[in-house]
1. Averaged over B:132-143, how many beta carbons belonging to a partner chain fall within 10 Å of each residue's beta carbon?
2. Peptide B:175-187: average number of partner chain Cβ atoms within 10 Å per residue?
3. Within 10 Å of each residue's Cβ, count the other Cβ atoms and sort A:77, B:114 from fewest upward.
4. Return the FRET efficiency for the residue pair residue B:31, residue A:71: r is the Cβ-Cβ distance, R0 is 51 Å, and the value is rounded to the nearest 0.05.
5. Would you mind calculating the gained length between residue A:172 and residue A:155 on full extension (0.36 nm times residue separation, minus the Cα-Cα distance), in nm to one decimal?
6. Between residue A:23 and residue B:131, what is the spin-label point distance in nm, taking each point 7 Å from the Cα along the Cα→C-beta axis?
7. At a Förster radius of 56 Å, what calculated FRET efficiency corresponds to the Cβ-Cβ distance of residue B:119 and residue A:79, to the nearest 0.05?
8. What nm value, rounded to one decimal, do you get for the distance between residue B:72 and residue B:23 when each label is placed 7 Å out toward the C-beta?
């Protein structure tokens, strides 16, 4: 009965795979290889395939459009809240301006100056420089005052860094020099003497 | 080296001509192997339309890679390996999965193409020739685990030797035989559970 069932299984499998490649298979393969115009039968088949594909695309569009719209709305809702969370632009000038109010600007060394252009090396007129420096100092002082008012807390004491004290390394002389190493002479070994072994019974007959 | 490899490859002469640029020779190779290639693709994807597409792709790829073919294996085995790789890619493709998921039920198209292949005969004459037991077996074959089903379909189709199947599935011949035997065993058990008590 097992053999019968195996036959039935074979028959079922063959029935499932009992299909031949569609017509003009060779021509279609060769046309794809050579890039030649597709035969009429193949054109019909590809038209059917594209129709199926377009139906599939339509389905995707129907499903995908609401999702895309929902995603756009969600992003539009989230975006302003994120902008609100972002910190506002600070009115106080940067710390650099507070820390270094008295820095004098350096005249930039341009490439032209490096080539000996005297006009480029000329510093700005003294009245302009002085005015600019005054403006910078005033801005720094205003900023310091504003920040102190805004914080309402006393300024922290200036940090002091104590100097590092490194103990001096002293060299201590060695109290006693190391004892000198000596190699004692080895006594001569005693001469080795060998006693002849007694002859074995087999060797005895050959003894002269 | 197997006995199949020791024999002279009947396609070799055509392969050499095709390598030299003779497309008609390649056309002859297509004609000789189209059935085996198509059946292998059908066993993997379960749809005649997709199998046709996969078979065409396999031949086109084979032609493009023909210069890399050194004749270490038979041309047919090499071609079937390409076909199987293409078919498995198609079986796993996201597009195919989407098509199955998006396609609404009741349009005359079943979800699994292999179930479509298993459902019914193609003509009334064929229906008369198909026994009741075979009609019961087809959906069970389609529902087998893929590893067992692939081996069974390829082995029983009669178009491929065990050596070729081993090369296609990248498994030893012994494993192919074991899978075929295991598939038969599973089918016997299922038939027995369905009430066919004397099938063991």
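1. Going residue by residue through B:132-143 and averaging, the value is 4.
2. Numbers: counts 0, 0, 0, 0, 0, 1, 0, 0, 2, 5, 0, 0, 5.
Across B:175-187, the average partner-chain Cβ count within 10 Å equals 1.
3. By the 10 Å Cβ count, ascending: A:77, B:114.
4. That gives a FRET efficiency of 0.45.
5. Difference between extended and current length: 1.0 nm.
6. My value for the distance between the label points is 3.6 nm.
7. Efficiency computed from Cβ-Cβ geometry: 0.60.
8. Inter-label distance under the simple model: 3.0 nm.
All of the numbers you see were taken from the coordinates with simple rules; none came from a lab. The structure presented is a predicted model; accordingly, all values stated were derived computationally and were not measured. A quick note on method: Cβ atoms are made from the backbone with ideal geometry, for glycine too, and the neighbour counts reach across all protein chains shown.
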